[in-house]
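All remarks here apply to the structure that follows.
The values are calculated or read from the model by the stated rules, or taken from the named source; none is laboratory data. Here the structure is a predicted model, which is why all the values come from computation and not from measurement. For neighbour counting, all protein chains shown are included, and Cβ atoms are generated from backbone atoms with ideal geometry for every residue, glycine included.
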Amino acid sequence: MADRPYHHGDLRAALLASAERALAERGPAALSLRELAREAGVSHAAPGRHFRDKQALLDALALSGFERLTERLEEASAAGGDVRAQVLALARVYVRFAVEHAALLDLMHTRKHDPEISEQLSAAVERMVGWVERPILQGQASGEITEDDPNAVAVTVSSTLHGFVALNASHSPEEIDAKLAGVVRVLFDGLSPR
């Protein structure tokens, strides 16, 4: 049960926070609106005011994840620097988010590929992709990254980082960061024009 039952305020946010904890602990199959209501100390019908069903809850979790990740990518981009520094900064944000929120990131990837994705969720995915593509477009404009479809380059970078996380999730944050700089260096040099 929650440390303290929900007590007036933003029930939707409380349910999402509780659902994210449950997702991380037990996976998406174990999520239950009725259980979340019980933990929040509200009637079993109360979550229905915010989520029509479990799928709506999962979509809201995925949307929240994309919005939070995009916000972090925006903050990292604001630091500036050359293209390589920007790619490394974005890689660090993505990897840190993936390590801290592994189950949420899995859900986000699952939902973004669903043909029934909502317009709101689709738009959130596009905003996040835009921040990933931004330094790639800058690098292409400056001649630091090979001319190619920016989306294909972004998918290559994202896939590399996703695989990196899967292989290094059990390492310390310091070890991950040290290895990540090398991965981005190799990846970036592989993107350089010949």
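Do you know which of the residues in region 77-97 that are among the small types (Gly, Ala, Ser) and buried (at least 19 other Cβ atoms within 10 Å of the Cβ) is nearest to residue 159 (Cα to Cα)? For region 77-97, the residue satisfying everything is 91. Residues in region 106-120 that are surrounded by 20 or more Cβ atoms within 10 Å (Cβ to Cβ) and of a type in the set (A, V, I, L, M, F, W, C): 107, 108. Checking every residue in region 142-158 against the condition of being touching a residue at least 24 places away in the same chain (Cβ under 8 Å), in contact with a Phe, Trp or Tyr (Cβ under 9 Å, 6 or more places away or on another chain), closer than 30 Å to residue 56 by Cβ and of a type in the set (Val, Ile, Thr) gives zero matches. The number of residues in region 33-69 that are surrounded by fewer than 19 Cβ atoms within 10 Å (Cβ to Cβ) and of a type outside the set (Gly, Ala, Ser) comes to 13.
Could you go through region 129-147 and let me know if any residue there is of a type in the set (Val, Ile, Thr), within 16 Å of the chain's Cα centre (by Cα) and assigned by TED's automatic domain parsing to the domain that holds residue 72. Yes, because at least one residue in region 129-147 is of a type in the set (Val, Ile, Thr), within 16 Å of the chain's Cα centre (by Cα) and assigned by TED's automatic domain parsing to the domain that holds residue 72. Would it be correct to say that residue 102 is under 19 Å from residue 160 (Cβ atoms) and of a type in the set (A, V, I, L, M)? Judged against the criteria, residue 102 is a match. For region 29-53, the candidate set comprises residues that are touching a helix residue (DSSP H, G or I) at 6+ places or on another chain (Cβ under 6 Å) and assigned to a helix (DSSP H, G or I); within that set, the residue that is nearest to residue 120 (Cα to Cα) is 47.
Looking only at region 59-67, decide whether some residue is in a helix (DSSP H, G or I) and among the aromatic types (Phe, Trp, Tyr). Taking every residue of region 59-67 in turn, at least one turns out to be in a helix (DSSP H, G or I) and among the aromatic types (Phe, Trp, Tyr).
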